[in-house]
Structure formats: C-alpha cells, structure tokens
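Engineer: Input: one structure, supplied below.
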Amino acid sequence: MPPKRVGDLLRDWRMRRRLSQMELALEAGVSARHVSFVETGRANPSAEMVLHLAEQLDVPLRERNHLLLAAGFAPVYSQRDLDEPDMGPARAALEQVLAAHEPSPALAVDRHWGMVAANKAIAVMLTGVAEHLLAPPVNVLRLTLHPDGMAPRIVNLDQWRSHVLDRLARQATQTGDPALAALHAELLALPGGADRHAHEELADLFVPLRVRAADGELSFISTVTTFGTATDITLAELAVEAFFPADAATADAMRAAAARLQ
C-alpha cells in the first residue's frame, strides 16, 4: 500500500477530532474550500500551513513530523534521549519534581506508559510485584493491572481498572497509536475485581487508588503533569503521574515509611 498523502493524513486527524471541514477552517482562520483542497490533494500546503493545521488539530509532535514528510518537507521536531547532554536541564527538572513529591509516590512515563523514572516512595506500590513485571522496560499499566502485579493488592480493582482502561482507550483514539490500542486490548483481557467502592462519596470527585499495605489500606488520588512548552518529541511525550494521600491515615503512613528509609 502506498504511503498516505498529507491531505489524507490531515483528514484522518480531523475526523479523529470529530471536526467538520468548516469547523477546522474557522479554528485555523482559513477557508473551508482551502481545507477541502488540501485534503483532496488539489492544493499543496506549505510547511507552515501543515504545521498550522496540525496545531489546530492538536496533533502530537511525532506525528507532525510525519505530516511534514508526507508533504515533502523535512521534519522540524527533534527527538533526543534523556541521557544526552542537551537534555540535562530537562532531566534535572524531572528529577526535582519527582524528589519534591516525596514522601508520596510519583513516576514519569513515556507515550506507551513505560516507566522512565520514579522517586523512592514508589516502593510502596511495588511490594509483592513479580520480577518479570519489573524487568526493563517496565510498563506501568501492565504492572498495575496484571494478576502478578499490583492487582491483588488494589482494593477497588474493578473501579481502578475501568478508570485506567477508559483513559488508555481515549489516549489510543486521540493519538491513533496502534501500540496503545494493542496495550488496551492486552489489558482488557486481564481479569478485573469486585468493585466495593463505586458508590462512595469520593468517587463523585475522583477515582481513588486504594492499595493494601503492611500497615493497612492506603488511599491515593493522582494528577498528571507534562512539559507544557516542549518542542522535543521525547519531552512532549513524557508525563509525570503524582499520587497524593486521599486521607490523613495514608499521609501518616507515607511519612512513617519515608522515615524508615532514612
């Protein structure tokens, strides 16, 4: 099968975002006729127009490079490893964010939910996890929902599993990434659990993660942080998930665990 033209790719992204040609044209400040001509190949967009439409469609940086290549232009977004010298400031910022979140757990993941880094407090999540799930590259979602992973210790497994799978399904749809779709299918096939907390008051505000620990049950809420102004693909695809105590008992337990590690 021949590679898709840039117009076909832009149309795919527009449909993925559920926008009409008129809606995209209004957001981009161009005519609907021009959008139509670009999509059908009757007009050859400039590199600037490709990037402008990609911005309106919230296309990931990696895929913006693919759009440029399909239009006959060179990619403009770099991709460097975190260990490269130029990435030193970003790496330091990442380590600072993770360390500052202690004594609560926090970790950084890549676009496929591979663990890139974590703070010391993440150990509370890894108790009893099988070695094969901790062998690099560690996939955080697989580790969480696998029967050999955290799943047996998650009190509200069915609720948390639904939350994770819904988020992953949306991510797969929004990015069009087949690897994420495959991961979703793999995790969907794993067994769930009996949800005993679906109707609690907290569930109306957020989905908590409740984990059995040696000292009792720990309850967390989570936030996700990204590099908002990244122009490097590696940085743009990084996300930091930070877990916060959802109750006073969990906060006390995490402080006590941190003290024992000192």
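The values are calculated or read from the model by the stated rules, or taken from the named source; none is laboratory data. As the structure is a computational prediction, the values presented were derived from the model and not from experiment. Virtual Cβ from ideal backbone geometry, glycine too; neighbours counted across all protein chains shown.
Residues checked against (1) in a loop (DSSP other than H, G, I, E, B); (2) at pLDDT 90 or above; (3) surrounded by fewer than 19 Cβ atoms within 10 Å (Cβ to Cβ):
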{"position": "ALA182", "(1), (2), (3)": "no, yes, yes"}
{"position": "GLU186", "(1), (2), (3)": "no, yes, yes"}
{"position": "PRO191", "(1), (2), (3)": "yes, no, yes"}
{"position": "HIS199", "(1), (2), (3)": "yes, no, yes"}
{"position": "ILE221", "(1), (2), (3)": "no, yes, yes"}
{"position": "VAL224", "(1), (2), (3)": "no, yes, yes"}
{"position": "VAL240", "(1), (2), (3)": "no, yes, no"}
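Engineer: Sticking with this one: Only residues in the range 90-116 that are free of Cβ contacts under 8 Å to residues at least 12 places away in the same chain count as the first member; pair them with residues that are outside any loop (DSSP other than H, G, I, E, B) and crowded, with 17+ Cβ neighbours inside 10 Å, Cβ under 9 angstrom, at least 6 apart or cross-chain, and list the lot.
Structural biologist: Filtered contacts from the range 90-116: ARG91/ALA117; ALA100/ALA106.
Engineer: Another question, if that's okay. How many residues, within the range 31-65, are of a type in the set (D, E, K, R), more than 20 Å from the chain's Cα centre (by Cα) and more than 13 Å from ARG11 (Cα to Cα)?
Structural biologist: Going through the range 31-65 one residue at a time, the tally reaches 3.
Engineer: Would a scan of the range 53-64 turn up a residue that is over 27 Å from ALA169 (Cα atoms) and either surrounded by fewer than 19 Cβ atoms within 10 Å (Cβ to Cβ) or in the same structural domain as ALA172 (by TED's automatic domain parsing) (or both)?
Structural biologist: No, because not a single residue in the range 53-64 is over 27 Å from ALA169 (Cα atoms) and either surrounded by fewer than 19 Cβ atoms within 10 Å (Cβ to Cβ) or in the same structural domain as ALA172 (by TED's automatic domain parsing) (or both).
Engineer: Output the qualifying pairs, or none if there are none: Cβ atoms under 7 angstrom, residues six or more apart or on different chains, first residue in the range 131-155 and assigned by TED's automatic domain parsing to the domain that holds GLU186 and among the charged types (D, E, K, R), second residue surrounded by fewer than 17 Cβ atoms within 10 Å (Cβ to Cβ) and in a loop (DSSP other than H, G, I, E, B).
Structural biologist: Close Cβ pairs (under 7 Å, with a partner that is surrounded by fewer than 17 Cβ atoms within 10 Å (Cβ to Cβ) and in a loop (DSSP other than H, G, I, E, B)) amount to ASP148/ALA130; ARG153/GLY128.
Engineer: Would you please name the residue that is farthest from GLU95 (Cα to Cα), looking only at residues in the range 232-247 that are in contact with a Lys or Arg (Cβ under 8 Å, 6 or more places away or on another chain) and not aliphatic (A, V, I, L, M)?
Structural biologist: The residue in question is ASP232.
Engineer: If you don't mind, another one. Tally the residues that are closer than 23 Å to ASP177 by Cβ and not hydrophobic (A, V, I, L, M, F, W, C), restricting the search to the range 39-51.
Structural biologist: 1
Engineer: Now a separate question. Which numbered condition trips up GLU95, out of (1) of a type outside the set (Val, Ile, Thr); (2) over 22 Å from the mean Cα position of the chain (by Cα); (3) not in a loop (DSSP other than H, G, I, E, B)?
Structural biologist: So GLU95 meets the others, but not (2).
Engineer: Using the structure shown, decide if HIS163 is more than 25 Å from ILE233 (Cα to Cα), of a type outside the set (A, V, I, L, M) and at pLDDT below 95.
Structural biologist: yes
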